[in-house]
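Undergrad: Before we start, here is the structure in question, set down as structure tokens.
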């Protein structure tokens, strides 16, 4: 907690609660035949977040990459991507941002926080990547 930069806290603020609710809903869904739309969407987002948070051993992500990834997941940018393609998104978004929008990583590193301008740039970059690469 204390070692995290503000940007990490901003994007992951509700993550622990969201994942707890996802696991609870997942357990309930095993026995329920019909889920309402909101519950179904929450389950689907939870599946994507779990996939997103998987990391191979000894392959730590830089803070700015973590921020981009968690931002994309918690803000719903991955809701229309199949769970099986989340890794493909993750593998492609970093080089895309480095090549086309290097200022995003630089600003996350220097500001250590997300302001509305940076969030807007990030959203635009993610949508651009999705439109052209997925």
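Each value in this text was obtained by applying a stated rule to the coordinates, not by laboratory testing. Please read all numbers here as calculations on a predicted model, not as lab measurements. Glycine gets a Cβ as well: all are built from the backbone with ideal geometry, and neighbour counts include every protein chain shown.
Undergrad: Residues of the range 77-99 being under 14 Å from the mean Cα position of the chain (by Cα), more than 17 Å from residue 45 (Cβ to Cβ) and surrounded by 14 or more Cβ atoms within 10 Å (Cβ to Cβ), which ones? Give the steps one after another, and end with the answer.
TA: Going residue by residue through the range 77-99, those that are under 14 Å from the mean Cα position of the chain (by Cα) are 77-83, 85-94.
Now restrict to residues that are more than 17 Å from residue 45 (Cβ to Cβ): 88, 91-94.
The answer is 92, 93, 94.
Undergrad: Give me the helices (runs of 4 or more DSSP H) completely within the range 58-122, filtered to those with at least 2 residues that are closer than 25 Å to residue 22 by Cα and in contact with a helix residue (DSSP H, G or I) (Cβ under 7 Å, 6 or more places away or on another chain), ordered by residue number. Lay out the reasoning, then the answer.
TA: On the way: elements: 63-74, 86-100, 102-111.
So the answer is 63-74, 86-100.
Undergrad: Would you check if residue 71 is within 28 Å of residue 26 (Cα to Cα) and surrounded by 13 or more Cβ atoms within 10 Å (Cβ to Cβ)?
TA: Numbers: within 28 Å of residue 26 (Cα to Cα): yes; surrounded by 13 or more Cβ atoms within 10 Å (Cβ to Cβ): yes.
Here the answer is yes, as residue 71 does meet what is asked.
Undergrad: Can you confirm whether the range 12-27 contains a residue that is surrounded by 12 or more Cβ atoms within 10 Å (Cβ to Cβ) and under 21 Å from residue 111 (Cα atoms)?
TA: Checking the range 12-27: at least one residue is surrounded by 12 or more Cβ atoms within 10 Å (Cβ to Cβ) and under 21 Å from residue 111 (Cα atoms).
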